[in-house]
Structure formats: C-alpha cells, structure tokens
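Below is one structure; the comments refer to it alone.
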Amino acid sequence: MAKIPGKPVRGSSSGRPIMVLFDVLGKRWTLRILWELHKGKAASFRDLQSKCDDVSPTLLNSRLKDLRALNLVVLDDEGYTLTREGVSLSRKLAPLDAWANEWAKSLDA
C-alpha cells in the first residue's frame, strides 16, 4: 500500500506531507525512477528497468505502483511518464541536484 499524507510513516507518527514525501523518496530506486522519467520521454517497463541498472522487475513494479498511487507517475499507451505533480517535483529537485554537484566539488578541494 502506498504511503499517503496523514498516515504514519518512518520518522513521523503524524504523517506530515513532507515526511511522507521523504519516506517515499528514500525507498530504494524511487529517486532513480523519477530521475529517469524527468526528461519527459515516456518509458516502457523494460526501458525503465534497463535505465535503472536492471533493477528487479518485482521491485520496479512495486515502486511504480507506489508512484502511480501518489499521482507522481502515470502509465498510458506510450509508457510511464511523470504527471504534472511529478514534473513539479522534478523541478523542485533540480536545485538540490545543482547544490549536490557543488558540494561534491568542495569535497575534492
């Protein structure tokens, strides 16, 4: 069953939306799936599995089911794509990606 705001999740008995989001994003492969879909091109299950280093089909199916239940990913005739909310989340994560790249460079100095 997918996590939803208002229900307890790891680290939060209140189920605050941000805690639910962190819990979902913290699951293995979830961020990678979102990352692979953020370019806007639809991906079939097999394409997505290949892009995600051949993640097991069972795990990929489970993560996609959760992301669909949370209205972040949709499956249509062309494959899996981000929903409007998924695209919005991707745009919010882009500055964090930029920060992480700068941070990584500072560790090399």
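Read-outs: derived from the displayed coordinates by stated rules, not from any lab. Quantities reported herein were computed from a predicted structural model and do not represent experimental measurements. Backbone-built Cβ (ideal geometry, glycine too); neighbour counts: all protein chains shown.
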Grab the beta carbon distance between Arg32 and Asp108, set R0 = 41 Å, and tell me the FRET efficiency rounded to 0.05. 0.95
Which of Leu59, Leu70, Ser106 sits farthest toward the positive end of the charge dipole of segment 17-108, with +1 on the Cβ of Lys and Arg and -1 on the Cβ of Asp and Glu? Leu70
Which labelled figure in (1) 14.4, 41; (2) 14.8, 48; (3) 13.8, 41 is Rg and Dmax of the Cα atoms in Å, once derived from the coordinates: (2)
Past 26 Å, Cα to Cα: identify those pairs from Lys7/Lys65; Lys7/Lys51; Lys51/Lys92; Lys7/Lys92, in the order given. Lys7/Lys51
Reachable aspartates and glutamates, given that their alpha-carbon falls under 14 Å from the alpha-carbon of Lys27 and they are not under 8 places away in the same chain: Asp66
Let's see if you can work this out: charge +1 on each Lys and Arg Cβ, -1 on each Asp and Glu Cβ, no other charges. What is the dipole magnitude of the chain about its Cα centre, in debye to the nearest 20? 400
Give the cross-link partners of Lys39 among the aspartates and glutamates, using a straight C-alpha distance below 17 Å as the criterion and excluding same-chain residues fewer than 8 apart. Asp47, Asp76, Glu78, Glu85, Asp97
